[in-house]
Amino acid sequence: MQPVFVDTHCHFDFPPFVGDEAESLRLAQQAGVEKLIAVGVAADRFAGVMALAHAHPPVYAALGMHPMAIAEHSEQGLAALRQQLELRDPKLVAIGEIGLDRYIDDPQFDRQQALLDDQLRLARDYDLPVILHSRRTHDTLAQHLRRIDVPRRGVVHGFAGSEQQALAFIRAGYAIGVGGTITYPRASKTRNAIARLPLSALLLETDSPDMPLQGWQGQPNRPERLREVWRVLCELRPESPQQIAEAIRENTRLIFRL
């Protein structure tokens, strides 16, 4: 029996998917990817992401204000997010992509942290999980998650840290997003961590069109390549491929209530 997957992180409102959504979903479903979460990154994209979720049954939505766009975000954007949450739309399954990033030029890190806290409080108030971005900020992010309790928890997406950093998030109740990084043999630290972490804490994602897999460098990533991420994960883990597929499907269901 072919395993069935959910791509828990896809920027489906970006090229190359714009205008080609139906074909992209067909290719995904051919590969066993039956659903995906389209992740919003700024207030001016919220309406488009929700429209995609309503137009296509396999698509669900997450809305958030991405730390890499900190210079563009405003109080009005936060109000727009709250307005969307007030609708209690069943297709809106998470707040994200939110988080922290020290890698960008002029990170305005104090503003990033304040915006993160505001969005964590919204997740708490509206009973939604969060999809978290973290680059060079794992320890700081963990501090924020300990300070602001989000009952539904969520996932640290595109994880590329150490086993110890991952375990800190897992102990706080958060899942770890597994993506294309593990397809690169040189990413030994992350591969070793993902091989040893509890299976109950793992989710699959592509971050399409970003985070290309080995062999597709320089090309837009796509949801159907989630199957390849799973294949590599099966090479790294001791469990059977069926066990891995079933466990990750259940992890996804529990967090996002799909």
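In terms of Cα atoms, the Rg and Dmax of segment 116-258 work out to 14.8, 43 Å.
The Cβ shell under 11 Å around Arg196 holds other residues with a net charge of +1, Lys and Arg each +1, Asp and Glu each -1. Counting only DSSP H runs of at least 4 residues, each contributing -39500 (n - 2.57), and dividing by the residue count of the chain, the helix-based mean residue ellipticity at 222 nm comes to -12500 deg cm²/dmol. What separates the Cα centres of segment 234-248 and segment 46-92 is a distance of 33 Å.
Charged neighbours of Ala62, selected by a Cβ distance under 13 Å, balance to -1 (K, R count +1; D, E count -1).
Asp101 sits among other residues whose Cβ lies under 10 Å from its own Cβ, and their net charge, with Lys and Arg +1 and Asp and Glu -1, is +3. Evaluating 6.51 cos²θ - 1.76 cosθ + 1.60 at θ = phi - 60° for every residue in segment 152-157, the Karplus couplings come out as 7, 6, x, 9, 8, 7 Hz, glycine and proline recorded as x. Shown in residue order for segment 235-243 are the 3J(HN,Hα) couplings computed by the Karplus curve 6.51 cos²θ - 1.76 cosθ + 1.60 at θ = phi - 60°: 5, 7, 9, x, 6, 6, x, 5, 4 Hz (x for Gly and Pro).
Projecting the Cα atoms of Ala79, Leu233, Tyr184 onto the dipole axis of the chain, where Lys and Arg carry +1 and Asp and Glu carry -1 at the beta carbon, places Leu233 farthest toward the positive end. Across segment 129-144, coupling constants 3J(HN,Hα) worked out from phi with the 6.51/-1.76/1.60 Karplus curve, θ = phi - 60°, read x, 10, 10, 10, 9, 8, 10, 6, 9, 4, 5, 5, 4, 4, 4, 5 Hz, and Gly and Pro carry x.
Over segment 5-256, what relative contact order in percent results from Cα pairs under 8 Å that are six or more residues apart? Spell out each step's value before the answer.
Details: 493 pairs, mean separation 49.0, N = 252.
Relative contact order, segment 5-256: 19 percent.
Read-outs: derived from the displayed coordinates by stated rules, not from any lab. All values derive from a computational prediction rather than experimental measurement. Note that each Cβ is placed from the backbone with ideal geometry, even for glycine, and that neighbours are counted across all protein chains shown.
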